[in-house]
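Take a look at the structure set out below.
The values are calculated or read from the model by the stated rules, or taken from the named source; none is laboratory data. Worth saying up front: this structure is predicted, and the values here are computed from it rather than measured. In this analysis, Cβ positions are derived from the backbone assuming ideal geometry, glycine residues included, and neighbour counts consider all displayed protein chains. Calculation scope for accessible area: heavy atoms of the full protein, side chains included, ligands and nucleic acids excluded. Shrake-Rupley method; radii C 1.70, N 1.55, O 1.52, S 1.80 Å.
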Amino acid sequence: VPHGAVAALAGWCPAADVPATAERLAGAGAALVPLRAPRGTDPPTLLRGTGAVRRSFAPLVRTYGTVPYADLDPTMPAGVVYVVMFGVMFGDAGHGALLLLAGLLLRFGHPCRARGLRPLWPFIAGAGLTSALAGVAYGEFFGPTGVLPVLWLNPLEEPMRLLIAAVGLGVVLLALAYGVGIVNRWREGGPAGALYALSGIAGAALYLGLLVVGGAAWLHRPELAFTGVAVAGAGLVLAGNGLFAVTGGGPGGVVQVGIQLFDGVLRIGSNVVSFARLAAFGLTHAALGAIVWQGTRALAGLGAAALPAAVVFFAVGNALAFALEALVAGVQALRLEFYELFSRVFEAQGRSFRPWRLPVLDGNGPEAAPPRGDTPGKETT
């Protein structure tokens, strides 16, 4: 904003960088003036980037989008949930140990050609650790070799138990996603925004009501079903009011709201069932390991001359199973994170903070711009 011989530049600055920026500008004959945030404009988001673990999880969130400034930072919880889901599907102590070893090798810069992936070492090591722990629970070590005892369940012998556990984990994760969504809607639009949103209190009530109805059917407790129907009905009414408020009104608005509510109910059911893939791909991994181990034993049973072939078959089979299942588990965990969880946590996209590195000129020549901060700022300048 020029005015005669004076000019002002309006922009955003991280709160932690305000004193240093003001000092550098004062040295160039300028001044930094804090201003109130303009109405209707959210500051750009600058998530905290300190810590190796947080930095390794950050690409998971950035791939989905930019977190709105008012929302909670989901980086750490999202990373933890991802590696847990990955481990459930990739449950093998031997394969997990290899993945953990790969993460540790990246930590120390090996191999040299993969140094660009070094910041991701905590992410890879975490996925390997959860996979190894799940393998210990399943009794899997490069397949059902008998090296480890079954501490919890054998996926191939108790698939229904694994399926119930996977869906139960999904129910808990969806409930947590609704909790974060309520906080974000409140911070974005106040109490009304949290109350009427399908990803806020209204959606959480609908989810809880349907959950109670499902539990009543499972336990054969019809008296609980009435409570669940009442809670779900309250959620539908709240969500319907919120959706109708943003339509054009009239019969068309009613039809639109009805379709959206019907879709919301179907989404809840499909999202809960979708977590069954944790068990399905865990079973697939166990089945591949069992096939490789059975083939190895069959070759070894042919005599000493066939032992080298058995060793080669075991190594190649496990390598193929490792590569295939790591890819599948990684993609499926990402899908569950984005479609089932992030879709409730986020409703809008933010914009990332990209500093304008303008050289500051004084009587002695250009100086470098001040460094970029590591924490989001609440003050604006």
> Among the residues of segment 197-209, is there at least one that is surrounded by fewer than 17 Cβ atoms within 10 Å (Cβ to Cβ) and either hydrophobic (A, V, I, L, M, F, W, C) or more than 17 Å from Phe338 (Cα to Cα) (or both)?
Replying inline: no
> Just checking, which of Ala217, Ala230 is in contact (Cβ under 8 Å) with a residue 12 or more places away in the chain and open to solvent by 50 Å² or more (accessible area, probe 1.4 Å)?
Replying inline: Ala230
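Does segment 29-46 contain at least one residue that is of a type outside the set (S, T, N, Q), within 30 Å of Phe108 (Cα to Cα) and either out of contact with any His (no Cβ under 7 Å at 6 or more places or on another chain) or in contact (Cβ under 8 Å) with a residue 60 or more places away in the chain (or both)?
There is at least one residue in segment 29-46 that is of a type outside the set (S, T, N, Q), within 30 Å of Phe108 (Cα to Cα) and either out of contact with any His (no Cβ under 7 Å at 6 or more places or on another chain) or in contact (Cβ under 8 Å) with a residue 60 or more places away in the chain (or both).
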> Somewhere in segment 271-279, is a residue free of Cβ contacts under 8 Å to residues at least 40 places away in the same chain and out of contact with any Cys (no Cβ under 6 Å at 6 or more places or on another chain)?
Replying inline: no
>> Considering only residues that are within 23 Å of Glu337 (Cα to Cα), assigned to a helix (DSSP H, G or I) and open to solvent by 90 Å² or more (accessible area, probe 1.4 Å), which ones fall in segment 20-60?
In response: Arg55
> Which number in (1) without any contact (Cβ under 8 Å) to a residue 40 or more places away in the chain; (2) assigned to a helix (DSSP H, G or I); (3) open to solvent by less than 60 Å² (accessible area, probe 1.4 Å); (4) more than 23 Å from Ala177 (Cα to Cα) marks the one condition that Asp17 misses?
Replying inline: (1)
>> Suppose we filter Gly330, Gly317 for residues that are at pLDDT 95 or above, assigned to a helix (DSSP H, G or I) and surrounded by fewer than 19 Cβ atoms within 10 Å (Cβ to Cβ); which single one remains?
In response: Gly330
> Restricting attention to segment 116-147, and to residues there that are β-branched (Val, Ile, Thr) and more than 20 Å from the chain's Cα centre (by Cα), which single residue is most open to solvent (accessible area, probe 1.4 Å)?
Replying inline: Val147
